[in-house]
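To keep things clear, I will list the structure first and then write my remarks on it.
Laboratory data are not the source of any read-out in this text; all were calculated from the coordinates shown. None of these values were measured; they are calculated from a predicted model. Counting neighbours? That spans all protein chains shown, and the Cβs are built from the backbone with ideal geometry, glycine included.
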Amino acid sequence: MKKLKNKLSWSSSRQGKIDNCLRLYYLHHYGSWEGWLGESMADPKRRLYVLKNLTNQWGWKGIVFHDAMEHFLKASQHEVIPKNRIFAWINKTMRKQWTQSLKKSIRNDPKNNVTLEEHWNGRNGFDSVDYRDQFIEEVQQWFHNFYFSNMCHAMLDRKAQWKSIEQMNTFMIDKVDIWVKMDFVWASEKVPYLIVDWKTGKRKKADKNQLALYALYALDTHDDLTPKDIRVMDVYVKEGSNEYEQYPRFITTSLSKVRFDVKKKIIHMKTLLLDVENNVPKTIEEFPMVSTTASAPPCRWCKFKEVCHG
Ligand code: SF4
């Protein structure tokens, strides 16, 4: 098999790790590299690679919801999909993954199995099916909220204007790949390029910055678009609102500021490297732990807790 190169890139989630804890960033992006080649948890890289692929209850529900939306939208391109079909899909998927998680199946095949940090660390009572059923109901409720929203009706009425569903793309800033994953892109009656992000958590200030990054991607990859052609919106499915917020049109200066901010973050990311050309990090000691207490956030819920705190 051809050896993969650990190439330097930037994304909002990568930046989130840098902001949260530099040790977390190191373990996730460097310590676990090539861990897929190891065969047992005794191999430190393999162990980090397995831990890196753990999720938690909030991350898991979000991933299942996004997958359910992708499944729903792709199938809706060809036929009318009743709500109950997606409910059944969510139920089946989450029951299967819950079983994988209880068995900690991620140890054997991290890429094709789900394991929750709560099961991995044996959190008290978390193996109860009551939790599982509650999570399934929550994700189904989010889908219900979307399914009966005006937006869903508008989208289904305008299938010819759909541009992409759950697409991962890159563009470049200062010769570094910038990763973006846009949940849904379409054109509405008045907007040529409308980017939509499904949100399963609470509102955060950073949400809007992430969408601005998507707008930069759109401008960099579509010569026919100008800032005024692009609109972005977050859809907070938990809130069950029928009126989703569409952010104001971008202006060139606000997008230039986003580009400038990313450039600054890339410069900082490079200062963490010994060899920028080959993306070789400085020693682990240069990536300090954010806390020495396992029970303090963010360590409390961190995937790498057992490595840092024993
Ligand atoms: S356990 Fe704490 S110190 Fe260790 S990587 Fe996670 S957040 Fe950082």
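Observations on the structure shown:
- Given charges at Cβ of Lys, Arg, Asp, Glu: the chain dipole, positive-most of Tyr131, Thr99, Ala294: Ala294
- A Förster radius of 45 Å, combined with the Cβ-Cβ distance separating Thr283 from Lys204, puts the computed FRET efficiency at roughly 0.85.
- In sequence order, calculated HN-Hα J values of the stretch 196-204 (Karplus, 6.51, -1.76, 1.60; Hz; x Gly/Pro): 10, 10, 7, 10, 9, x, 7, 5, 10
- DSSP loop GluC sites (Glu not before Pro) with at most 15 other Cβ within 10 Å excluded, longest remaining stretch of the chain: 80-188
- Placing a pseudo-label 7 Å from each Cα along the Cα-to-Cβ vector at Asn169 and Arg107 gives an inter-label distance of 4.3 nm.
- Under 19 Å from the Asp19 label point (7 Å along Cα→beta-carbon), backbone N, the stretch 195-219: 197-217
- Counting only DSSP beta bridges whose two residues both lie in the stretch 96-234, roughly 70 percent are antiparallel.
- Just checking the listed ones, Gln77, Gln100, Gln141: in the Gaussian network model of the chain with Cα springs under 10 Å, the one fluctuating most is Gln77.
- Inter-site label distance for Asp133 and Lys159 at 7 Å from Cα along Cβ, in nm: 3.6
- In order along the stretch 52-59, the Karplus-derived 3J(HN,Hα) couplings, from 6.51 cos²θ - 1.76 cosθ + 1.60 at θ = phi - 60°, round to 4, 8, 5, 10, 9, 4, 6, x Hz, and Gly and Pro are given as x.
- Longest segment of the chain lacking trypsin sites (Lys or Arg not before Pro) that sit in a DSSP loop with at most 11 other Cβ atoms within 10 Å: 205-310
- Residues in the stretch 1-21 that a label on Asp177 would reach, taking backbone N under 20 Å of a point 7 Å out along Cα→Cβ: 1-18
- Segment Asp261-Asp223, extension gain: residue separation times 0.36 nm, minus the distance between their alpha carbons: 11.4 nm
- The stretch 158-269, dipole about Cα centre (Lys/Arg Cβ +1, Asp/Glu Cβ -1), debye to the nearest 20: 380
- Going by neighbour counts of Cβ atoms within 10 Å, the residues Cys302, Cys152 line up, fewest first, as Cys152, Cys302.
- Counting only Cβ charges, +1 for Lys and Arg and -1 for Asp and Glu, the dipole size of the chain around its Cα centre is about 480 debye.
- Considering only the chain, percent of DSSP beta bridges that pair antiparallel, nearest 5: 65
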